[in-house]
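Presented below is the structure to which this report refers.
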Amino acid sequence: MANLALGYPQSAHRKNEGKKFIMVSETLIQAAKPALLAKPVIHKTLNSSLQVGDVTLKNRIVMASLTRNRGVISNRVNAEYYAQRASTGLIISEGTLIEPQGTEWINAPGIYSEQQIKGWKGTTNLVHEAGGLIFAQLWHLGRVCHPHLQANLPNIGPSAIGATGGKFRLLAGEPGYVTPTAIEDPKTYIELYRKAAQNAKAAGFDGVELHSANGYLVNQFIDSRSNQRTDAYGGSPENRARFALEAIDALISVYGPKRVGIKFSPSGGYNDMQGGPADLPTYIHLVKEIEKRGIAYVQVTRYLDDFSAGGQKVDVDQFRPLLKNTRFFVGGAFTPAEAEEWLKEGKADAVVFGRSVLGTPDFAVRAVRGEEANKDLNYKLFYVVENGDPRIGYSDYPFWGDEGCKEQQEAKKDAKGAPHN
């Protein structure tokens, strides 16, 4: 039986206090340890509940979408991984492909087949039984796929302009990106997003997020360097925002506005996105139009030196005043203490955490109490399976008080003379 982290609400924690494991769907769920739960909550705003559209987050910690390359069809190991992290207020799934694509991550999951719907249903069921909420992030890579990984079918993009860089490590010679074929009718892809949302709903997801960041297809339409169309989808900020807004409307047609989110990275950089001041008017127009639609949230990633290199810094705070009826999430290497300050100051409604949650299944329980996340992350195994066991470096990170975590706490005690609380 699998060993999962408990993700149910505080009342359930109190009810089961003292128990080491709870049975969920014939799977052993590891309960947060009483000694950890007994510690005082120091980040009270981060720990507070939040209404986001039609769902209520039990805290303001959101698990970021994190590609892990562990299964084209969501499986039991994936379900364990997500259910371990159900103590976060909201889980956003890893990028989930809306059609077969030649990605560098050949085991990235999709949501375009009946088998995938069935697989994801097992994952969403387990997350729900563990007390969590999960949105599917809908993903198309556009021009940053490779034809040799998609039966030599051409890449597509808003324009026939290739991204610079890239490295497809699974192909001979590790080639970079290639020039895409310009999409003739963007509405064809809008319908793919609509169908993916229908499939996500059938799979039991609580909502969907449109991936409009990090240089993927929607971002390619937004960006003035990758989009040089002369039709209704290119040129002006309003036209370059059109594809994203039509995709959002397609998702709303399935879920309604209150269970739809969108992610932006306006500083650009990654996957050869220009971002910055040149495209800021497009993002401002987008956010204003999204506010009119009243969707659940807008997630914006702030500038990061490593991830945004090649882009130009945009201060994400400027989007906050544009949103009155839509929640504002921010992400980008926040610490719990910094997240608490942003929330207390009203600069954001919730904060998105990536690697901290990836390597720490009970991160939400620790973070609000000032307890450190696991430090010994195996970066090599973020995307690679070792020795045929997908759990290694994926669902085997220790919980607070487990052996690996105790060693970290002892090392800190030795270094500073007292344990960290």
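At a glance:
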| item | result |
| --- | --- |
| The range 236-311: Cα Rg divided by the 2.2 N^0.38 Å rule of thumb | 1.15 |
| Phi to ³J(HN,Hα) by Karplus 6.51 cos²θ - 1.76 cosθ + 1.60 over the range 348-354, Hz, x for Gly, Pro | 7, 9, 8, 10, 9, 10, x |
| In nm, spacing of pseudo-spin labels at residue 380 and residue 99 (7 Å Cα→C-beta vector) | 3.8 nm |
| Residue 184 versus residue 284: modelled label distance in nm, points set 7 Å from Cα along the beta carbon direction | 3.8 nm |
| With all protein chains modelled, accessible area of residue 255 [1.4 Å, Å²] | 30 Å² |
| FRET efficiency, 1/(1 + (r/R0)^6) with R0 51 Å, evaluated for residue 318 and residue 169 via beta carbons | 0.85 |
| Inverse mean reciprocal Cα-Cα distance (Kirkwood Rh) of the range 296-393, Å | 15.4 Å |
| Under 5 Å, built H, 5+ apart or other chain: amide partners of residue 52 | 57 |
| Sulfur and carbon atoms: percent of accessible area, the chain [1.4 Å] | 51 percent |
| FRET E, pair residue 44, residue 151, Förster distance 60 Å, beta-carbon r, rounded to 0.05 | 0.65 |
| Mean projected area in nm² (Cα convex hull; one quarter of hull surface) for the range 182-326 | 8.2 nm² |
| Amide proton proximity set for residue 91, modelled H, under 5 Å, gap of 5+ | 63, 133, 134, 135 |
| For the range 148-246, accessible area per residue (1.4 Å probe, heavy atoms of protein chains only), Å² | 42 Å² |
| Ratio Rg/Rh [Cα only; Rh per Kirkwood] for the range 301-353 | 0.97 |
| Simple Cβ-charge dipole of the range 29-176, Lys/Arg +1 and Asp/Glu -1, about Cα centre, in debye nearest 20 | 560 debye |
| For the range 121-252, average projected area of the Cα convex hull in nm² | 9.3 nm² |
| DSSP-defined antiparallel bridges as percent of all bridges, the chain, nearest 5 | 20 percent |
| Rough spin-label spacing in nm, given labels placed 7 Å along Cα→Cβ, for residue 76 and residue 402 | 1.8 nm |
| Solution diffusion estimate, µm²/s, Stokes-Einstein, the chain, Kirkwood Rh from C-alpha pairs, 4 °C, viscosity 1.567 mPa s | 59 µm²/s |
| Net dipole in debye of the chain [+1 Lys, Arg Cβ; -1 Asp, Glu Cβ; about Cα centre; nearest 20] | 900 debye |
| FRET efficiency, 1/(1 + (r/R0)^6) with R0 30 Å, evaluated for residue 125 and residue 337 via beta carbons | 0.30 |
| Extended-chain gain in nm, criterion 0.36 nm per residue less alpha-carbon gap, residue 293 and residue 389 | 30.1 nm |
| Within the chain, longest stretch clear of exposed GluC sites (Glu not before Pro) (DSSP loop, no more than 11 other Cβ within 10 Å) | 185-344 |
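The values are calculated or read from the model by the stated rules, or taken from the named source; none is laboratory data. These numbers were taken from a predicted model, which means no experiment stands behind them. All Cβ positions, glycine included, derive from the backbone under ideal geometry; neighbour counts span all protein chains shown. Ligands, DNA and RNA are excluded from the accessible area calculation, which covers all protein heavy atoms including side chains. Shrake-Rupley method; radii C 1.70, N 1.55, O 1.52, S 1.80 Å.
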